[in-house]
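Since the structure comes first, as C-alpha cells, the remarks are kept for the end.
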Amino acid sequence: MVDLSRVDRVLGSLHTLDLGEGPAEPNTLFRDHDPAEVMNEYLEQIPVMVSGSESFEVVTHIDYAVRQWPIEAGPFDPRRFEEQFRGAMRAIAGSGRALEMNTKRLWPWIPQWWAQAGGTMVSFGSDAHTPDAIARDFPEATAMLEHFGFRPGRSPEQLWARPATG
C-alpha cells in the first residue's frame with residue numbers, strides 16, 4: 001500500500017479498456033474495433049473510474065483515446081462525442097476533482113466544455129517525456145484557460161480555479 005499522505009497530488013487516468021479480450025490501450029483496440037465504439041467506451045469508463053476511488057485529486061488524459069485516433073477513421077471531430085465528453089466532465093466536476101489541461105495539446109473545446117460542465121479547477125501537464133518538453137506551450141495554455149475564466153492560485157503549485165456557476 002502506498003502512503004498517499006506523503007504525496008502532494010495524486011493523479012488518476014484511464015489508459016486501458018476491456019472490450020472483451022482483456023485490458024488494452026485504445027491504439028490496440030482501434031485495430032479490431034470501430035473507433036466510435038472505443039471512444040464511447042473510453043468516455044463511459046471515466047465516470048466509473050471517478051466513482052470507484054477517492055484516492056486521486058486530478059483526472060488526467062481525458063483526451064487519451066483521441067491521441068490514438070486512427071488515421072483511417074478520418075480527422076477526429078470532438079463534436080461527434082460531445083455529449084459523452086460532457087458527461088465524463090460532469091462526473092469529474094461533480095466529484096470535486098480537477099481536470100488536467102495538457103499543454104502539449106491545446107484543444108480549446110476541452111476547457112470550454114469543462115467550464116460549461118461545472119468544472120472549477122484545473123491542473124497543468126505537458127506529457128513531458130524529456131526535460132526540454134516540460135511546460136511546453138505553457139503561456140498559450142494559461143491564456144486559453146484565462147479566456148474560460150480560470151485563474152492561478154496564490155502559489156504556483158496550487159490548482160487554477162474559476163468561480164462555480166449555478
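In table form, for the structure just shown:
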{"read-out": "Condition check for Q84: more than 20 Å from D127 (Cα to Cα) and touching an Asp or Glu at 6+ places or on another chain (Cβ under 8 Å)", "value": "yes"}
{"read-out": "Segment 16-62 - residue that is touching a strand residue (DSSP E or B) at 6+ places or on another chain (Cβ under 8 Å) and free of Cβ contacts under 8 Å to residues at least 12 places away in the same chain and, of those, most open to solvent (accessible area, probe 1.4 Å)", "value": "P23"}
{"read-out": "Condition met for E140 (exposed (fewer than 14 other Cβ atoms within 10 Å of the Cβ), assigned to a helix (DSSP H, G or I) and touching a residue at least 12 places away in the same chain (Cβ under 8 Å))", "value": "yes"}
{"read-out": "Restricting segment 63-96 to residues that are open to solvent by 10 Å² or more (accessible area, probe 1.4 Å) and within 11 Å of the chain's Cα centre (by Cα), the residue that is nearest to D8 (Cα to Cα)", "value": "Y64"}
{"read-out": "Filter pass, V48 being in a strand (DSSP E or B), within 21 Å of G96 (Cα to Cα) and at pLDDT 95 or above", "value": "no"}
{"read-out": "Condition check for F124: loosely packed, with under 15 Cβ neighbours inside 10 Å and not β-branched (V, I, T)", "value": "no"}
{"read-out": "Failed item in (1) open to solvent by less than 50 Å² (accessible area, probe 1.4 Å); (2) touching a residue at least 12 places away in the same chain (Cβ under 8 Å); (3) closer than 26 Å to L17 by Cβ; (4) not aliphatic (A, V, I, L, M), with F148 passing the rest", "value": "(3)"}
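Yes/no per residue for (1) under 23 Å from H33 (Cα atoms); (2) not β-branched (V, I, T):
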| site | (1), (2) |
| --- | --- |
| I71 | yes, no |
| P78 | yes, yes |
| R97 | no, yes |
| D127 | no, yes |
| P139 | no, yes |
| E146 | no, yes |
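The values are calculated or read from the model by the stated rules, or taken from the named source; none is laboratory data. All figures in this text were calculated on a predicted structure; none of them were measured in a lab. Ideal geometry is used to build each Cβ from the backbone, glycine not excepted, and the neighbour counts take in all protein chains shown. Areas reflect the complete protein model, heavy atoms only, side chains present, ligands, DNA and RNA absent. Shrake-Rupley method; radii C 1.70, N 1.55, O 1.52, S 1.80 Å.
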